[in-house]
Amino acid sequence: MEKLLIKGGASLKGEISCSGAKNAALPMIAATILSDEDIILKNLPYLQDITTMFELLGSMGADILLNENMDFTIATNNLKEKEARYELVKTMRASILVLGPLVAKYGEAKIALPGGCAIGSRPVNYHLDALEQLGATITLKNGYIEASAKKLIGSKIKFDGITVTGTENIMMAACLAEGTTTLTNVAKEPEIIDLAEFLNKMGAKISGAGSDQITIEGVERLYGTEHSIPADRIEAGTYLVAAAVTNGEIKINGINPNRLIKVLDKLIETGAKVETSEDSISLIMNKDKPKPVDITTAPFPEFPTDMQAQFSVINALANGVSNIYETVFENRFMHVQELNRMGCNIQINGNQAIIEGVDSLYGAEVMATDLRASASLILAGLCAKGETKVDRIYHIDRGYERIEEKLNYLGANIIRLPS
Ligand code: EPU
């Protein structure tokens, strides 16, 4: 297995651009199932999860072509299989995103039931309940979800709990339903707005994305289009934290700061100087010690769970004690044991992490457990004394494009060790 070897101590300085957002791209790739015409997607990040999504579409019979500009043309007009097999779903839970499009377009889908994962049990009951309310018949058999519907019928649906991919799945399904669907208690993440924009370009009639209620007027068919994936707000947030923990000075281009407001507020609270333009964020950290910041994760527009692990590294170096409450996933503190091996002083009490700042961190051999947890280990390695070796970095390759290249460009010293 490949590893990353990080020599800590460098202050990150310079300018980088954001890659396309994984969590915006995945539902868009799934949405191509809704159209008989070719869809061109640009600015897709080169990530394992994107490859897995293409593998899934390919296994169903989609044609995927890549041109010299790295634009993907996706043709799903000839799907032979309407099945997401366990081998793929177990490596990427977001495979569930093909459920809504398949049932809406082809009247059938068979999707392996995603199991639990490192960050929690992560059921898909909200997706299934909502799809049933659109008229689908759903059975669970031999570890698979089997869904069918002659034609989905628009409905008024209130989600039992807020779910990002659940909102996306049902928004996609409702595009081809008969009549109007209203969705309430929906996720308001920027990726929901991105998906609605993309679907509307394909001919859907969606309004209200980003607010508490989304209305989808069903249409007969969706068309081909060309679309560019927006920037990854979590990637941007992660690099801002990298600069903050190394007393650095960076500018990130191509990112709309409104997507990161709570994260920027918290960075400012730590003592960082943050400046924004319409599509860039600059951060300077020139304090000896960051101030500790309390954080409670919650659905957008609150502080994102996907930035929680990274902030535990700032807090670990801070001048005092802080608390992080994780309210979205039940088991998202797997990084803490590894960070403590690098000298952090973090105690877990249920969904609360109590972090007492320490003078400095030291390098160690550590193990990544999930995507954002691995990001926090790299951040800790960047500011630690000595060398840190991060194992199981396939987690990081799922969601950060060319991470060591980008960090090295900013002055870090990271080598990818072959397996
Ligand atoms: N939940 C249910 N039932 C459901 C769906 C969700 O109980 O049917 C629970 C989950 O177990 C969790 C909470 O609701 O406790 C929120 O889960 P949500 O469905 O919103 O998460 P998701 O859609 O599976 C997406 C991102 C995650 C991100 C979360 C929260 C994608 C592909 N994934 O997951 O991203 O953490 O929303 O913002 O968009 C990551 O990129 O590292 C990542 C994990």
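Read the figures in this text as sums done on the coordinates, not as results from a lab. All values derive from a computational prediction rather than experimental measurement. For neighbour counting, all protein chains shown are included, and Cβ atoms are generated from backbone atoms with ideal geometry for every residue, glycine included.
Things worth noting here:
- Among residues other than Gly237 with Cβ under 13 Å from its Cβ, the summed charge is +1 (Lys and Arg +1, Asp and Glu -1).
- Treating r as the C-beta distance of Thr51 and Asp265 and R0 as 22 Å, the FRET efficiency rounds to 0.05.
- Packing-based order for 252-263, 50-61, 267-278, using average beta carbon neighbours within 10 Å, highest first: 252-263, 50-61, 267-278
- Spread over its residues, the convex hull of the C-alpha atoms of the chain is 125 Å³ per residue.
- Equivalent ellipsoid, the range 141-283 (semi-axes from 5 times Cα gyration tensor eigenvalues, Å): 37, 17, 14
- For the chain, modelled as a GNM whose springs connect Cα atoms under 10 angstrom apart, the maximal fluctuation among Gly218, Gly357, Gly161 occurs at Gly161.
- Computed from the Cα positions only, the extents of the range 309-419 along the three principal axes stand at 37, 30, 22 Å, in decreasing order.
- Sorting the segments 30-39, 86-95 by their residues' average number of neighbouring beta-carbon atoms within 10 angstrom, most packed first, yields 30-39, 86-95.
- Cα-based Kirkwood hydrodynamic radius, the range 115-158, one decimal, Å: 11.8 Å
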